[in-house]
Structures are given as structure tokens and as C-alpha cells.
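I have placed the structure first, in the form of C-alpha cells, so that the comments after it can refer back to it.
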Amino acid sequence: MIRTIARPSRRRAGLAVALAASFALTACGSGPSTTNAAAVIGDDVIALDDVQDEIQWLLDNAPQAQQAQEQRRVDQVSSEILRSRVVHELLTVAERRERLTVDETEVDSLIDASGGVTEAAKNIAVEPSRVREVARDQLMLEELGARYQDRLSVHFVGAMITESSVEATDSETARELGRSIAADPQRAREIVRDGGHQLVDQRISLSDALTQDPELAISAVFGAEEGTVVVIQPSQQQPGWLVALVEQRSLRSGGGENAEGEPVDPRLLYWVGLRQLQPIADELGVRLNPRYGVWDEAGMAPAPSEEEVTGYQWESRTVAP
């Protein structure tokens, strides 16, 4: 979820921080070691000491962090801090590639309306030295979301798995179907039908999804690369797992907000922008120090363990046409 504090603006009021459950890094793979790192993104390292120092500042100064400590939930505070730092590193790459810009006066206004640096730091759970960085990241994610909202469309095939059986839970059935499709994507439709499932075959633009199904719009379906199979729970209100092979991911030229459509809530654009960091995360790789858990690729957030991720994804053996 996102925590907000008010500010006067045409954009969404208040600073926002994407929250997640506790997460960690794996020490495997090439590149920089995670021994003295909280996270490694590609060749960039988030220092373990920096994260620990920030946690300590919050425990000393932020009432909500102190409450979390009393409730033995400091791991959630740590997770929030690390996630925001990982997002910042990914966004730095997106800023360069997409040539994103932020009006610094808007950053100032956002901080001022949030009570100033110290008060904002306590409210959004970051140390004062990072308040401006987090404020800029918020505005930049909204800008990134606006860049993609009327340009991106996807075509995916798969199935919704909503029922469990004596042999397998709905999650297990969905994962097995996802692995089967990833192994032979050219037969995706046949595999779905042979399994007795109702075929889902959908082409949808991000702009339409934002209107018709916002949860789908900010899901891994719109963040995964072409040829990827994702297994996710697309709705927090309804049970079931969506198994989807992203056959096509189309991004037309141009960009910017769609002047002809209804304005999109900046809070939703924030999540759209966050989701569009997924291809960068998948490309560079995100490894966490084991004390924080694992990186949830589908959820774009830390998870306590591999068994507690919010979704799954596999690169198919052969990209479907």
C-alpha cells in the first residue's frame, strides 16, 4: 500500500512510500557480493550499514517505527526502507533511459506541505537525508506512469484458476499450468484446453485497463517482457490465480498524458510507473541480503521467503509469435 500525507497540488496530495512485507537478498550469482550489502541491483550496491543506520534513526525518532518495534514488526520497517532504496536505483536507470524530468519547485512544495523535512521523514518512514530523494522519486514515478498510460498494450493467453481440489490447491494448479506453458509456449492454447480450463485470450491497452481493471493495469501482466509467463492473483477482492503468457507487448512511439481521456489519479499513475520498472529489475537482477528475504519479481517488492512471494514468472523456452 502507499502511505500519504496531504499537500495542496493538482497532483495527488502528500508524499507516498510503497510499503511491502519484509524481504531479503540472495547471495548467489555473479557480480558484487551481498555480504556487506543490503541489496545489489546489477552492479550497484545498497550498503548494509546505510540501511541499518536508517532503521535506527526511525526507531529513535518515528512513533510508527517505535510501535512496530513494540509489536515485533521491525522487519516490516526494514522492508519498506530497502524497497524504497531499490526502487530509487531502478528509477535512476529509467530516468536516464526515458529522459524523465521533475520540477524541483514541485518537490519543494510536496515537502513543505508534508510538514517539512523532519516531519515528513517521520511520517513516511525514511531518514531526513532521503526525504527529498523520496519526494522526487514519487513525482518521477507519476511521470513515468503518465508516459506509458496511452502507449502500452499487451496480448496475453492463459487461464484463471479459481478452484482447489484434493490433489492440488489453486496456486499449485496455476503454477503447474504456468510451467507447462513456459516449456512449450507455441501450444499455450492447447495446453490450457487440454487441462480443462477456460481459455483467456485478451488484447488490452494500458489505458483501457486503467479504466476497466486498474488492478490488472498495475500487475505483472503489464510489466513482464514479451514471452514471459506470469502467475499472479490479479485481484485483492476476488480469489483466483491468473496464468498468462505475454505473447505481445507493444509500445508505440510518443508519450505523455492522454489529453482526450479522463485524467488518471496520480496515485494510480504512481503504481503504473512502479510497474514499468519491472523490465529494468528483470534485466539487471535484484539480489537481497538474506537477512531481508527475497525479491518478489511479480510483486516488485521484498518477500520474507520464496514460499511467500505474491506471484511467479518464467521466461518461456521460445517466445510465442
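Just add up the charged neighbours of Arg97: K/R +1, D/E -1, any other residue whose Cβ is under 14 Å from the Cβ of Arg97.
Around Arg97, the surrounding residues sum to -2.
Through the Karplus equation 6.51 cos²θ - 1.76 cosθ + 1.60, θ set to phi - 60°, convert the phi angles of region 120-134 into ³J(HN,Hα) values in whole Hz; use x for Gly and Pro.
Working through the residues one at a time gives 4, 4, 5, 6, 9, 6, 9, 6, x, 5, 9, 4, 5, 4, 5 Hz.
Can you list residues whose amide H is under 5 Å from Leu199's amide H, if they're 5+ apart or on another chain and H is modeled 1.01 Å from N?
Residues meeting the amide H criterion: none.
Placing +1 at every Lys and Arg Cβ and -1 at every Asp and Glu Cβ, with all other atoms neutral, what dipole size does the chain have around its Cα centre, in debye to the nearest 20? Could the numbers behind the result be given before it?
On the way: 31 positive and 52 negative charges, 55 e Å.
In total the dipole reaches around 260 debye.
Would you mind giving the average projected area, over all directions, of the Cα convex hull of region 101-151 in nm² with one decimal? Don't skip to the end; give the middle numbers.
Working: hull surface 14.5 nm².
The Cα convex hull of region 101-151, projected and averaged over all directions, gives 3.6 nm².
Please state the relative contact order of the chain as a whole percent: Cα pairs under 8 Å, 6+ residues apart? Show your work: numbers first, answer last.
Numbers: 674 pairs, mean separation 84.5, N = 321.
It rounds to 26 percent for the chain.
Exactly which GluC sites (Glu not before Pro) in region 99-195 are in a DSSP loop and have at most 12 other Cβ atoms within 10 Å? Write down the numbers at each step before the final one.
Numbers: sites: Glu104, Glu106, Glu119, Glu133, Glu142, Glu143, Glu163, Glu167, Glu172, Glu176, Glu190; in loops: Glu163, Glu167.
Hits after loop and neighbour filter: Glu163, Glu167.
Using amide H atoms built in the peptide plane, which far-off residues or other-chain residues are under 5 Å from Gln233 H to H?
When sequence neighbours closer than 5 places are left aside, the close amide H contacts are Leu242.
Rg/Rh for region 160-202 to two decimals, with Rh computed the Kirkwood way over all alpha-carbon pairs.
The Rg/Rh ratio comes out at 0.96.
Angle check, please: helix 48-61 long axis (alpha carbons) against the longest principal axis of the chain (alpha carbons), in degrees 0 to 90, nearest 10.
Tilt of helix 48-61: around 60 degrees.
Among Trp271, Trp295, Trp57, which one moves the most in a GNM of the chain with springs linking Cα atoms closer than 10 Å?
The residue with the greatest mean-square fluctuation here is Trp57.
FYI, it's all coordinate maths here, none of it is from the lab. These figures come from a predicted structure and were not determined experimentally. Cβ atoms come from the backbone with ideal geometry, glycine included; neighbour counts cover every protein chain shown.
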